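Student: One structure, as structure tokens, below. Some questions next.
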Amino acid sequence: MGEAPRVLVLGIGNLLWADEGWGVRAVDQLHRTYLFPDRVKLMDGGTQGLYLVQHICEADVLVVFDAVDYGLEPGTLMQVENDQVPQFMGAKKMSLHQTGFQEVIASADLLGRKPSDMLLIGLQPVELEDYGGSLRPLSRQQISPAIEIALQYLAARGIIAERRAVPLGDAETLASPEMVLDVYEGNRPSPEEACRTADIRFLAAEPR
């Protein structure tokens, strides 16, 4: 009987750009809620781009959570598998991390070490232009359905997660404790106290 597949469950995105951080929030909730068998790694990939290539090359199965602009209704979840994953990662680039992740998959392929099974669970974001902002309620509601998709995909490959009796605390997050969703939302200033888009003094004015 062969070894169980090596699995990487990855959340990517920028926590400082509202729904752009959805993928990181999703994998962190999965980590704090479920316990996985050996050979399964859950990872906050942030915006690391090509720095992730080593981790991708070590995986037989890859599951990615990310916010991707498909031009669909806000809050829509999309499932994309295998060779379609890099194509959909670049459907409409929202940030540099998506270009970087396409390159990661291409690099793994050139090395002959691309995961044999890949799943992208993508969210159509509600709001991105909110620097320092957090997830919109609709996007946050889609984390649990996205996790269920991932669990079913892994279960179909013999990888069964066990729900934790008590979820992990804030100190055991995949990200830094300061970026835990409730902590981040509780400590950030209001839109009236801190501009969420840009300094109004430097926005483009009407031509003179």
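Student: For residues that are among the hydrophobic types (A, V, I, L, M, F, W, C), surrounded by fewer than 18 Cβ atoms within 10 Å (Cβ to Cβ) and outside any loop (DSSP other than H, G, I, E, B), tally how many sit in region 44-74.
Tutor: 2
Student: Just name the residue that is modelled with the lowest pLDDT out of those in region 157-197 that are in contact with a strand residue (DSSP E or B) (Cβ under 8 Å, 6 or more places away or on another chain) and among the aliphatic types (A, V, I, L, M).
Tutor: Among those that are in contact with a strand residue (DSSP E or B) (Cβ under 8 Å, 6 or more places away or on another chain) and among the aliphatic types (A, V, I, L, M), it is 175.
Student: Could you check residue 42 against (1) within 23 Å of residue 136 (Cβ to Cβ); (2) modelled with pLDDT of 90 or more; (3) not acidic (Asp, Glu) and say which number it fails?
Tutor: Unmet for residue 42, out of (1) within 23 Å of residue 136 (Cβ to Cβ); (2) modelled with pLDDT of 90 or more; (3) not acidic (Asp, Glu): (1).
Student: Further, regarding this structure: Report, by residue number, each residue of region 108-144 that is under 25 Å from residue 56 (Cβ atoms) and either in contact with a Lys or Arg (Cβ under 7 Å, 6 or more places away or on another chain) or surrounded by fewer than 17 Cβ atoms within 10 Å (Cβ to Cβ) (or both).
Tutor: The answer is 108, 109, 110, 111, 112, 113, 116, 117, 143.
Student: What residue, among those in region 20-33 that are surrounded by 21 or more Cβ atoms within 10 Å (Cβ to Cβ) and under 15 Å from residue 145 (Cβ atoms), is nearest to the chain's Cα centre (by Cα)?
Tutor: Per the stated criteria, the residue is 23.
Student: Criterion first (among the hydrophobic types (A, V, I, L, M, F, W, C) and modelled with pLDDT of 85 or more) does residue 143 satisfy it?
Tutor: Here the answer is yes, as residue 143 does meet what is asked.
Student: Which one of 5, 37 is over 21 Å from residue 183 (Cβ atoms), outside any helix (DSSP H, G or I) and either in contact with a strand residue (DSSP E or B) (Cβ under 7 Å, 6 or more places away or on another chain) or of a type in the set (Phe, Trp, Tyr) (or both)?
Tutor: That would be 5, the only listed residue that is over 21 Å from residue 183 (Cβ atoms), outside any helix (DSSP H, G or I) and either in contact with a strand residue (DSSP E or B) (Cβ under 7 Å, 6 or more places away or on another chain) or of a type in the set (Phe, Trp, Tyr) (or both).
Student: Okay, next question. Would you pick out the residues in region 104-136 that are outside any loop (DSSP other than H, G, I, E, B), farther than 25 Å from residue 72 by Cβ and not hydrophobic (A, V, I, L, M, F, W, C)?
Tutor: Listed by number, the residues that qualify are 107, 109.
Student: While we're here: Determine whether residue 119 is within 19 Å of residue 70 (Cβ to Cβ) and either of a type outside the set (Phe, Trp, Tyr) or more than 14 Å from the chain's Cα centre (by Cα) (or both).
Tutor: yes
The values are calculated or read from the model by the stated rules, or taken from the named source; none is laboratory data. What you see is a predicted model, and the numbers here were worked out from it, not measured in a lab. So basically every Cβ, Gly included, is an ideal-geometry build from the backbone, and we count neighbours across all protein chains shown.
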